[in-house]
Amino acid sequence: MLITDLFFIPDSNKTYHITGKHPGSTKDIQKVVGDALQIDGLIVEAKVLSPTFKEKLFGKFLSDLMPYFSTEITFDTTNVEEALGEDKLKWVVDYDALSIIIVEYFNNMFLEIIPNKEK
């Protein structure tokens, strides 16, 4: 596995961004969040003037994800490529992968607010 491979590299005071070459898009994140919370037509705005109580409450659910909505973030993966090879980063974060990550985030932060579909 990629992360554990990095554990065996001698300490070199480098940062290793563990992400594929094609991270999830803001559009996909918005869709996954709306689907997970069962909110049709969810639109995430960079700034809302005079937000309602519901908008403020919803902002709490998205606070850690908001930086991803402000821009299409990319990470410098040069250190990972040099250490392990570029082929280790050929995976894509698609809707299904984002769904797993975001649902787990919500359930860990807000005590399983999203029912497990497998139960």
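The values are calculated or read from the model by the stated rules, or taken from the named source; none is laboratory data. Keep in mind that what you see is a predicted model, and the values were worked out from it rather than measured. Here the Cβ is made from the backbone with ideal geometry for all residues, glycine too, and neighbour counts use every protein chain on show.
Numerical summary
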{"read-out": "Residue that is farthest from residue 92 (Cα to Cα) [pool: residues in the range 6-53 that are exposed (fewer than 13 other Cβ atoms within 10 Å of the Cβ) and of a type in the set (Asp, Glu)]", "value": "11"}
{"read-out": "Helices (runs of 4 or more DSSP H) contained entirely in the range 65-119, each with at least 3 residues that are surrounded by 11 or more Cβ atoms within 10 Å (Cβ to Cβ) and at pLDDT 80 or above", "value": "78-84, 95-109"}
